[in-house]
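Q: Submitted below is the structure of interest, expressed as structure tokens.
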Amino acid sequence: MPAPADPASCSGDATLGTVPDRATLLSSVSLLKGFADETRLRILCLLGNGEVCVHDLVEALELSQSGVSHQLRILRDARLVTYRKQGRHVFYRLADDHVRRMLADALNHGREAVD
């Protein structure tokens, strides 16, 4: 059986980063879960140019309204989208420019894997 590795030999020149507090980690996990589903990612892409009515999302995704509403609730909980009501219609949009940049970065990184 080989001898255990010298702990100093694996540290190299890199230093360990810090781990944020648990609340920040859990919030970040929730946010990333919003991106971790094909349907939710499609919804985020459809919202990339501005507000979209739920009815238009249902048609574009070819899903039931309850299915789209379920995914939108997850995206709201992850703070990736916001909405406004106008009469009987509900319009969704990306929450902010952070989300827009994260979406673009995720898609660009995904493209690198297939190029």
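Q: Can you tell me how region 33-115 classifies by the Cα gyration tensor, rounded, prolate or oblate, using a/c under 1.5 as the rounded cut?
A: prolate
Q: Count neighbours as other Cβ atoms within 10 Å of each site's Cβ, and list the trypsin sites (Lys or Arg not before Pro) in region 60-115 that are DSSP loop with at most 14 such neighbours.
A: Arg88
Q: Go ahead and run the numbers for FRET between Thr24 and Thr82, Cβ-Cβ distance against an R0 of 25 Å, rounding to 0.05.
A: 0.75
Q: A follow-up question, please. So what is the relative contact order of the chain, in percent, for Cα pairs below 8 Å that sit 6 or more residues apart?
A: Computed over the chain, the figure is 23 percent.
Q: So, one more: Could you give the dipole magnitude of region 22-115 about its Cα centre, charging the beta-carbon of Lys and Arg +1 and that of Asp and Glu -1, in debye to the nearest 20?
A: 500 debye
Q: If you don't mind, another one. Would you kindly state how much longer the chain becomes between Leu46 and His109 on full extension, computed as 0.36 nm times their sequence separation minus their alpha carbon distance, in nm to one decimal?
A: Extending this stretch completely gives an extra 20.8 nm.
Q: Consider a paramagnetic label point 7 Å from the Cα of Ala36 along Cα→Cβ; state which residues of region 61-102 have an amide N under 19 Å from it.
A: Flagged as within label range: 70-81, 99, 102.
No lab work stands behind these numbers, since they all come straight from the coordinates. Note that the structure is a prediction, hence the values are computed from the model and not measured. Using ideal geometry, Cβ is built from the backbone for each residue, glycine included, and neighbour counts are taken over all protein chains shown.
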